[in-house]
Amino acid sequence: MKISSGIFTKKFLGIALILLVGVSQTLAQSSAESLPSEFEVISVDTNLVTLNVSVTDRKNRHVAGLKAENFQLTDAGKPVAPAFFDEQGPESIVFLVDISSSMKGQKWQNLRAGMKHFLMKGRDGSDYTLIAFNQQASLIVAHVDAERLWQSFDSLQPNGETALYDALMLGLESLDRASRRHKALVLLSDGEDNCSHAGLSQVEQEVLARRATIYPVGILIDDRLSPYQPNGRKLLNELAAGTGGVVFFPAPDQVPRVLELVRTDISNQYSFGYYPADKAAGWRQVHVTLAPALKDVRLRYQEQYVMAGDRLAKAPENQD
């Protein structure tokens, strides 16, 4: 009887595969049995919480030289011990830059000067993301060094409307992919939203779902005139207050100085990472104090965050 070479080959491969699986299982079992007991189980806790804390005195000067033991942290009312602590690490910074028509002229030149100085003074190893927005928000570059970000920024040309909320949503998504412990979002705009698809309520919920400091810079028309209505100012203030950042409303010629203040604040943050005792999904409160207590010292940090699994839950009202 004639046997086709194709059928023979299939049968041979099938037998070989069975033998290989058996050998692999035997080797795996013997290898596992030969390992010391401390290597038998590897568990990974994915509930690491990162927290950036700014410490300033009554003259708004940063307090340097503090150690991990100077801080006491509670999460949902339970004490937590830092898994890591540093004050000199590199940063991941997301820039949201308004390129609507109203940013043209001297205002844009001042912003260019401020951005260039900011990037020149950045820490080694830091990475930057640039999102530009007019009538739509666009990711220009992500997680690049200072030189690459400057090249991308310098090619932008202002034109169009202002999709501020869409830019914030895209910026918050970008923060999720940032790799550094020190995370910050810097918003640079001279006007309120007028054409976003996202709504204000979406932005407010998503802001507190990320653990990163936000620095809104609302550029004025000049020293006296503001393009921001009360609701617009309220949003920018909430972005800063809810995340431990600072809000600024500078005149156009003050933008370089304000960006220097932002850079200084980011680089002087203390960064913590810890595993909360309670890992249930939902919103929780964080409280940080200094021990021993220092007089006339202010701590800024994100006091509320959401544990994964309940991200879009309504944030609880602040208890004053």
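The single condition among (1) under 25 Å from A64 (Cα atoms); (2) assigned by TED's automatic domain parsing to the domain that holds F133 that D98 does not meet is (1).
Counting only residues that are among the hydroxyl-bearing types (S, T, Y) and part of a loop (DSSP other than H, G, I, E, B), segment 269-298 holds 1 of them. Out of the residues in segment 243-255 that are buried (at least 19 other Cβ atoms within 10 Å of the Cβ) and of a type outside the set (S, T, Y), state the one that is farthest from H182 (Cα to Cα). That would be P252. Residues that are farther than 30 Å from E303 by Cβ and either in contact (Cβ under 8 Å) with a residue 12 or more places away in the chain or acidic (D, E) (or both) number at least 1 in the following strands (runs of 3 or more DSSP E) confined to segment 113-212: 127-133, 137-144.
Table: residues versus (1) at pLDDT 95 or above; (2) of a type in the set (A, V, I, L, M).
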{"site": "N47", "(1), (2)": "no, no"}
{"site": "T74", "(1), (2)": "yes, no"}
{"site": "E91", "(1), (2)": "no, no"}
{"site": "V94", "(1), (2)": "yes, yes"}
{"site": "D98", "(1), (2)": "yes, no"}
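For segment 214-272, name all the residues that are more than 25 Å from V55 (Cα to Cα) and among the hydrophobic types (A, V, I, L, M, F, W, C). Hits for segment 214-272 are I219, L220, I221, L225, A251.
The values are calculated or read from the model by the stated rules, or taken from the named source; none is laboratory data. None of these values were measured; they are calculated from a predicted model. Note that each Cβ is placed from the backbone with ideal geometry, even for glycine, and that neighbours are counted across all protein chains shown.
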